[in-house]
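The values are calculated or read from the model by the stated rules, or taken from the named source; none is laboratory data. Given the structure is predicted, the values throughout are model-derived calculations rather than measurements. All Cβ positions, glycine included, derive from the backbone under ideal geometry; neighbour counts span all protein chains shown.
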Amino acid sequence: MAVPKKRTSRSKKRIRKNIWKAKAYSSALKALALGKSLCTGKSKSFCAPKNKS
């Protein structure tokens, strides 16, 4: 028979939430940096077609 699990404490919940937010924040920073480097044309690690217009 199924037994209900114990409740997760608030501190653990906050820690996990903050880890999730930190990962999202760092990936957003990387995407912004890549976008900036593509706009300036100094990107060396990303190949994108250049507009001929």
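Checked against the criteria, LYS21 counts as surrounded by 10 or more Cβ atoms within 10 Å (Cβ to Cβ) and at pLDDT 95 or above.
Looking across region 27-46 at every residue that is of a type in the set (S, T, N, Q) and surrounded by 10 or more Cβ atoms within 10 Å (Cβ to Cβ), the one that is modelled with the lowest pLDDT is identified as SER43.
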